[in-house]
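Step one of this worksheet: look at the structure below.
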Amino acid sequence: MDPIRNPYAPGAGQRPPELAGRDEQLAAFDVVLERVARGRPERSLVLTGLRGVGKTVLLNALRSAAVRKGWGTGKLEARPDQSLRRPLSSALHQAVRELGHPEQGETEHVLGVIRSFAQREAGTDAKLRDKWSPGIAAPVVRGRADSGDVEIDLVELLTDVGGLAADVGKGVAVFIDEMQDLGADDVSALCAACHELSQNGLPVIVVGAGLPHLPAVLSASKSYSERLFSYQRIDRLSREAADRALVAPAEEEEATFTADALAAMYDATRGYPYFIQAYGRSVWDLAPRTPITVDDIAVAGPEAEAELAVGFFGSRYERATPAERDYLRAMADAAVAASDDGVDDPVGSVATADVAAVLGKKPQSLSPARDSLLKKGLIYSGERGRIAFTVPHFGRYLRTQA
Ligand SMILES: Nc1ncnc2c1ncn2[C@@H]1O[C@H](COP(=O)(O)OP(=O)(O)OP(=O)(O)O)[C@@H](O)[C@H]1O
Ligand SMILES: [Mg+2]
């Protein structure tokens, strides 16, 4: 069918033509926004899930919901080895602009505090970095949010930003993607600041998204984090939602799927959003006419898999060094060996000892490879002594590569 009218959108953070199966999270977030704006206690939100399940697009949708309510919003993507100060300053700068507080003087003051927070970057090259500013023209407010202790500074910063939002009867929401990559100091400061702000009824919330072990990262930092955040597991779509993700965009283009075709699509994609978009895209291009049939899916399968191999699996596999690749392949083999039916469970974890056994090495000698794969976000550890792929079906992909 006409590729120009192809509605599907495989790609990291690509807005899907239909955001299926997330009504519950969207509705819950509306309640959070209303409560926070009224000064009611409410927990910040954290979305967790595997790669490609739609955390980033949901985070963006939640941000749009906040903007529609007149909130100030800002977003950042955490990176390993990067301090929170600069990206958070830029995000809050944006949020303050969106708030549109009527009094210039008040706004200028808060912008000056943000600038002061941003410029207080610790480290030996602090002199050079001092010059950096998040594009704020307002004069720096000295003595506020610039002690150098990120916990103290964050509380001061967010208190001032929250006060500005409270003045106009709105709130501020900060969206943090890849939150598991925040440094330990920043995580702990962020938890402390959220704790303090919610106790004072200030309308500031943090909405995070990250890999499945993010709750463990947060609770390792502050034991009270479980009460601070409401965790939402973002998972693959139900059959019904997966059908809607395919059918609704097709209908916009006057096309449809047969019932068998939808069943075959779910078989192939298992409801993983990235796979749905990749299969949808290939099937659309290769199907001669509407309705799309089972045969069309059989024809499109290899192309969809090829696209996934490059765009979804390959792009991540390439980040691994040869030693790390050996480790990944050993994980895939260990997963198959440990399963009852000799087929790996796409989200199952394996014991690190089993991986070592597959490679015939001592577990300790493999820690560097494992640690760096953890840091690259290719694997995660949900429980002690066990690891799993963050990428669904990665084991299957690795074994077809071999
Ligand atoms: N609810 C949904 N319905 C249909 N398609 C979706 C949905 N959520 C996400 N997608 C599609 O899935 C793909 C992956 O989405 P996204 O990048 O948000 O995943 P992610 O969880 O952030 O992945 P990563 O961990 O790699 O960052 C995109 O192509 C997006 O359009
Ligand atoms: Mg993402």
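Assess whether LEU237 counts as being farther than 20 Å from ALA27 by Cβ and either out of contact with any Leu (no Cβ under 6 Å at 6 or more places or on another chain) or within 16 Å of ligand 1 (Cβ to nearest atom) (or both).
no
What residue, of VAL206, VAL141, is in the same structural domain as LEU50 (by TED's automatic domain parsing) and under 17 Å from ALA95 (Cα atoms)?
The match here is VAL206.
Looking only at segment 203-220, filter to residues that are aliphatic (A, V, I, L, M), within 16 Å of ligand 1 (Cβ to nearest atom) and farther than 27 Å from VAL168 by Cα; which one of those is surrounded by the fewest Cβ atoms within 10 Å (Cβ to Cβ)?
Once the filter is applied, the top-ranked residue is VAL217.
Please enumerate the residues belonging to segment 50-64 that are assigned to a helix (DSSP H, G or I) and either touching a residue at least 60 places away in the same chain (Cβ under 8 Å) or near ligand 2 (Cβ under 10 Å from one of its atoms) (or both).
LYS55, THR56, VAL57, LEU58, LEU59, ASN60, LEU62, ARG63
Residue check: is ALA78 touching a residue at least 60 places away in the same chain (Cβ under 8 Å) and either touching a Cys at 6+ places or on another chain (Cβ under 6 Å) or crowded, with 19+ Cβ neighbours inside 10 Å (or both)?
Against the criterion (touching a residue at least 60 places away in the same chain (Cβ under 8 Å) and either touching a Cys at 6+ places or on another chain (Cβ under 6 Å) or crowded, with 19+ Cβ neighbours inside 10 Å (or both)), ALA78 qualifies.
Taking segment 1-38 only, how many residues are assigned to a loop (DSSP other than H, G, I, E, B), charged (D, E, K, R) and away from ligand 1 (no atom under 16 Å from the Cβ)?
Residues that pass the stated criteria total 2.
May I ask you to list the residues in segment 173-202 that are away from ligand 1 (no atom under 16 Å from the Cβ) and within 19 Å of SER90 (Cα to Cα)?
ALA173, VAL174, GLY183, ASP186, VAL187, ALA189, LEU190, ALA193, CYS194
For segment 84-102, give me each residue that is of a type in the set (A, V, I, L, M) and over 22 Å from the mean Cα position of the chain (by Cα).
Of everything in segment 84-102, those that are of a type in the set (A, V, I, L, M) and over 22 Å from the mean Cα position of the chain (by Cα) turn out to be VAL96, LEU99.
Which of (1) more than 19 Å from ILE176 (Cα to Cα); (2) at pLDDT below 95; (3) surrounded by 14 or more Cβ atoms within 10 Å (Cβ to Cβ) is the odd one out, the single condition ARG43 does not satisfy?
(1)
What do you reckon, is GLU151 within 27 Å of the chain's Cα centre (by Cα), surrounded by fewer than 15 Cβ atoms within 10 Å (Cβ to Cβ) and assigned to a helix (DSSP H, G or I)?
So GLU151 fails the test.
For segment 362-384, give me the residue count where each residue is small (Gly, Ala, Ser), surrounded by fewer than 17 Cβ atoms within 10 Å (Cβ to Cβ) and not in a helix (DSSP H, G or I).
Total meeting the criteria: 2.
In the list ALA357, ALA320, ALA330, ALA309, which residue meets the criterion of being within 21 Å of ASP267 (Cβ to Cβ) and surrounded by 14 or more Cβ atoms within 10 Å (Cβ to Cβ)?
Answer to the selection: ALA309.
The values are calculated or read from the model by the stated rules, or taken from the named source; none is laboratory data. Since we're looking at a predicted model, the values are computed, not measured. All Cβ positions, glycine included, derive from the backbone under ideal geometry; neighbour counts span all protein chains shown.
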